[in-house]
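The values are calculated or read from the model by the stated rules, or taken from the named source; none is laboratory data. Owing to the predicted nature of the structure, the values given are computational and were not obtained by experimental measurement. Here the Cβ positions follow ideal geometry from the backbone for every residue, glycine too, while neighbour counts run over all protein chains shown. Accessible surface areas use protein heavy atoms only, side chains included; no ligands, DNA or RNA. Shrake-Rupley method; radii C 1.70, N 1.55, O 1.52, S 1.80 Å.
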Amino acid sequence: MELDLTPKLPKKVYGGDGGSYSAWCPEELPMLKQGNIGAAKLALEKNGFAVPRYSDSSKVAYVLQGSGTAGIVLPEKEEKVIAVKQGDSIALPFGVVTWWFNNEDPELVILFLGETHKGHKAGQFTEFYLTGTNGIFTGFSTEFVGRAWDLDENTVKKLVGSQTGNGIVKLDAGFKMPQPKEENRAGFVLNCLEAPLDVDIKDGGRVVVLNTKNLPLVGEVGFGADLVRIDAHSMCSPGFSCDSALQVTYIVGGSGRVQVVGADGKRVLETHIKAGSLFIVPRFFVVSKIADADGMSWFSIVTTPDPIFTHLAGNTSVWKSLSPEVLQAAFKVAPEVEKSFRSTRTSSAIFFPPSN
């Protein structure tokens with residue numbers, strides 16, 4: 001069966017005046033189901049409130065736009081109220097309860113990427129809401145709710161009957177939500193636009209990697225992530241994950257071209273990608289990207305906590321390690337051709353600025 005790696009946009013699942021929740025569908029992007037990967041976006045308008053919920057999957061949240069407030073409750077821990085802004089990454093392990101609120105313009109938009117191998121549906125997050133018309137209170141009888149929380153029947157009916165929203169509601173202007181504390185961000189949030197760079201190539205590109213050192217909760221989530229930004233007409237060199245990891249990539253900004261080569265040297269994807277698109281690179285497949293004039297940035301998760309990549313160009317590529325005689329024999333070329341091939345691209349193993 002031929003793989004369909006075509007980048008896709010999300011589809012709206014629900015929403016209203018307070019905002020919307022969209023997700024990528026495994027039926028349209030089959031690699032989600034095959035790789036047990038979920039992907040979704042939450043967009044909150046001013047005064048939009050995403051009610052408390054938990055999920056059947058561990059995730060990484062990345063704030064694409066705007067600013068707001070998040071509430072995070074780890075199992076048997078106190079609530080952490082955190083200010084979030086564009087560029088923030090938050091690791092959300094199993095069992096965490098979250099809520100999100102936007103009290104400003106513009107929209108607060110958050111990307112969620114994660115694994116679904118323990119979820120109810122492969123390639124799709126299942127959310128469990130604590131309140132709302134589809135919250136857990138609506139499923140229990142008034143007797144069960146009353147006995148569990150020691151409430152009289154009238155109070156139970158008020159609690160359940162007053163919940164009119166579905167996942168997202170719009171609060172009245174001026175409604176006072178909990179105030180975030182700066183110290184709560186430590187250990188929970190890493191801003192990828194402000195963090196020290198793991199890779200910085202002049203006129204080429206920059207990388208920030210999320211790992212257990214700069215965001216400890218990544219260890220509980222079980223996979224790594226990074227934010228990559230490349231400059232105008234720069235290239236991200238061909239490479240592959242050599243530890244059987246999938247690469248799930250969301251284009252944050254800009255645009256460019258991407259090519260993916262799979263087994264038997266077949267090009268399985270060649271397309272133009274732009275902001276808002278999501279695509280997945282299968283295990284061991286080789287991928288390379290070239291930015292347009294506006295540059296390009298993407299946020300990715302890799303389905304292993306400590307991914308290992310092999311690059312096929314640059315000063316640390318596998319070609320530099322192979323002996324000249326092996327390359328001459330493999331390519332069936334003269335020594336001068338092999339020498340010319342080996343001597344190129346010595347400055348970087350990851351990003352190549354445009355040639356002058």
Of the candidates 191, 230, 180, the farthest towards the positive dipole end of segment 141-232 (Lys/Arg Cβ +1, Asp/Glu Cβ -1, centred on the Cα centre) is 180
HN-Hα J in Hz across segment 246-254 - Karplus 6.51, -1.76, 1.60, θ = phi - 60°, x for Gly and Pro: 7, 10, 10, 10, 10, 7, 6, x, x
About the Cα centre of the chain, how large is the charge dipole given +1 on each Lys and Arg Cβ and -1 on each Asp and Glu Cβ? Please answer in debye to the nearest 20. 540 debye
FRET E, pair residue 212, residue 257, Förster distance 45 Å, beta-carbon r, rounded to 0.05: 0.85
Longest span of the chain, sites excluded, free of trypsin sites (Lys or Arg not before Pro) in DSSP loop with at most 16 other C-beta atoms within 10 Å? 1-76
Which distance in Å, rounded to a whole number, links the C-alpha centroids of segment 1-23 and segment 65-100? 22 Å
What list of ³J(HN,Hα) values in whole Hz, one per residue of segment 15-25 in order, does the Karplus curve 6.51 cos²θ - 1.76 cosθ + 1.60 (θ = phi - 60°) give from phi, with Gly and Pro shown as x? x, x, 4, x, x, 8, 10, 10, 8, 8, 9
Considering amide H positions built from the backbone, and no H for Pro or chain starts, which residues 5 or more places from residue 225, or on another chain, come under 5 Å of its amide H? 210, 302
If you add up the charges near residue 275, with Lys and Arg at +1 and Asp and Glu at -1, over every other residue whose beta carbon is less than 13 angstrom from its beta carbon, what do you get? +1
Hey, if you put +1 on the Cβ of every Lys and Arg and -1 on every Asp and Glu Cβ in the chain, which of 340, 5, 92 ends up farthest toward the positive end of that dipole? 340
Which residues qualify? For residue 284, with a placed amide H closer than 5 Å and at least 5 residues away or on another chain, they are 241, 244, 245
Just the accessible area per residue of the chain, please: how many Å² with a 1.4 Å probe? 49 Å²
Calculate the dipole size of segment 1-96 relative to its Cα centre from +1 charges on Lys and Arg beta carbons and -1 charges on Asp and Glu beta carbons; express the result in debye to the nearest 20. 180 debye
Any idea how far the Cα center of segment 246-290 sits from the one of segment 110-177, in Å? 38 Å
Quick one: pull the percentage of alpha-carbon pairs in the chain with a separation above 36 Å. 28 percent
If you roll a 1.4 angstrom probe over the protein chains with everything in place, what fraction of the accessible area of the chain belongs to carbon and sulfur, to the nearest %? 52 percent
